[in-house]
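Everything below concerns the one structure shown next.
What follows is calculated from the coordinates using simple rules that are stated; it is not laboratory data. Computed from a predicted structure; not experimentally measured. Cβ: placed from backbone, ideal geometry, glycine included. Neighbour counts: every protein chain shown.
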Amino acid sequence: MNRKIISSHYSRRQFIHDMSLNAGMAALAMNGVHLYSSCNSSVSDQNKTSAMAQNSKKKPGIALVGLGGYAGGQLAPALQQTENCYLAGIVTGTPSKIETWKSRYNIPDKNIYNYENFDNIKDNADIDIVYVVLPNSMHAEYVIRAARAGKHVICEKPMAITVEDCDKMIAACKEAGKMLSIGYRLHFEPYNLEMARLGQKKVYGNIKKMNAGFGFTIGDPTQWRLKKYLAGGGPLMDLGIYCIQGCCYTTGMEPIAVRAQEGMKTDMEKFKEVEQSLSWQFEFPDGIVAEGKTSYADSMNILRAEAEKGWFEVNPAYNYSGQKGATSDGPMDFPKVNQQAKQMDDFADAVMNNRPTPVPGEMGRRDVKYLQAIYKAMRTGERVEIK
Ligand code: NAD
């Protein structure tokens, strides 16, 4: 199996990038041509990067904003393994967390902020990149503030809860001459990259059908993920977005229309504001149908493609580790990686070397557009065209 080069392209708009798994980062051009598309700010926009990148090439420092489960459980530990960047600061609204983070990660007082004094981060030369890990509807405000403070930004998925917010975030970063990336860690995970390679290189011929499902049983009924104003929706916003991503990078295409159906609610208390489960059917070009399913009350974790000459799948597909993959020719076998470390190292490298990120804000915006199309199809019961 050729593990060395994995490529992905968005055929409609020609988003193409190569990834070298061995090097663990995105190679930037194919045949000497930059082929980034609508899913990327123009290279020249992104290249108006900081003096830091152009002059000193010091290892970028990252500040995490929001010290919840993902920041504490995944990102901070991953930042102990990164080679191109390090955990330089934190931004938290919970003072009781500070001591533990300070001592565990050796963070100096001058690099600790709260949500009120966050904008002062502009004067802090230790911090080059701000990583926003807050509830979904708060992403826009903190990305915009970070850009205005002169920092490059990584924003967690989903990028925002409306396309309008995504536009403002992209505009703020452009205006500041800063790069914006989305926390799409699976673009750095070998089994998912192999799905992209097999699909886009048509190793098994043209894809006919895709299936993608991600769900788990959600616990605490009071959490923000179940509140519409913070989450923007239910499992589609949180989990279904991985299925959308998977279908796009496996086919290398963008969907043109969608139908969707909300599933039955069996817990009216937990799911009074958001859907409990949702199914949708994307139409891709060339007659490809992609069936998606997401749920906060069921377990599933699959990305599967059926093509003219065989099939390929990853199951489980979306976890932080433990991916298992197979094709109609037998099992896949790739090394374990720390997805978050690779993702952050790649962004730090992009910042340092003035090159675009393979997971830019424009891709986050595109996916929020799909999320909104799915919800519209669900509400109206109609086929919604995606433009
Ligand atoms: P979490 O609930 O564990 O943490 C949220 C953090 O935001 C907490 O520190 C909390 O104190 C803070 N916060 C500030 N204002 C808040 C408010 N009004 N309500 C609730 N919390 C508030 O959530 P999480 O799992 O860390 O998710 C944070 C973001 O990261 C989300 O956008 C989520 O989609 C994303 N995420 C991504 C991945 C991934 O694999 N890429 C995994 C998990 C979460």
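A few remarks follow.
- For the range 144-248, dividing the convex hull volume of the Cα atoms by the residue count gives 143 Å³ per residue.
- The mean sequence separation of alpha-carbon pairs under 8 Å and at least six residues apart, normalised by the residue count of the range 130-270, gives a relative contact order of 23 percent.
- Remark: the LYS208-THR94 segment gains 36.1 nm on full extension, using 0.36 nm per residue and subtracting the alpha carbon distance.
- Exposure proxy order (Cβ contacts within 10 Å, fewest to most) of THR327, THR82: THR327, THR82
- Modelled this way, with points 7 Å down the Cα-to-C-beta line, the labels at ASN354 and LYS272 are 5.6 nm from one another.
- Taking label positions 7 Å along the Cα-Cβ direction at both LEU230 and GLN81, the computed distance is 2.9 nm, reported to one decimal.
- Taken along the Cα-to-beta-carbon direction at a fixed 7 Å, the label points for THR217 and GLU116 span 4.3 nm.
- Per-peptide average of other Cβ atoms within 10 Å, ordering 280-288, 124-132 highest first: 124-132, 280-288
- Relative contact order, percent, the range 204-255 [alpha-carbon distance under 8 Å, six or more residues apart]: 38
- Theoretical FRET efficiency, 1/(1+(r/R0)^6), r = Cβ-Cβ of LYS324 and ALA171, R0 41 Å, to 0.05: 0.50
- Semi-axes of the equivalent ellipsoid for the chain, computed as √(5λ) from the eigenvalues of its C-alpha gyration tensor and ordered from largest down, come to 31, 25, 19 Å.
- Contour excess over end-to-end distance, with Cα ends at LYS376 and LYS265 and 0.36 nm allotted per residue: 38.1 nm
- The range 227-318: translational diffusion in µm²/s, Stokes-Einstein, Kirkwood Rh over Cα pairs, 37 °C, 0.692 mPa s: 232
- Rh by Kirkwood over Cα pairs, then Stokes-Einstein D for the range 209-250 at 0.890 mPa s and 25 °C, µm²/s: 216
- Mean separation of Cα pairs under 8 Å and 6 or more residues apart, divided by the residue count, gives the chain a relative contact order of 21 percent.
- Theoretical ellipticity at 222 nm over the chain - DSSP helices of four or more residues, -39500 (n - 2.57) apiece, nearest 500: -7500 deg cm²/dmol
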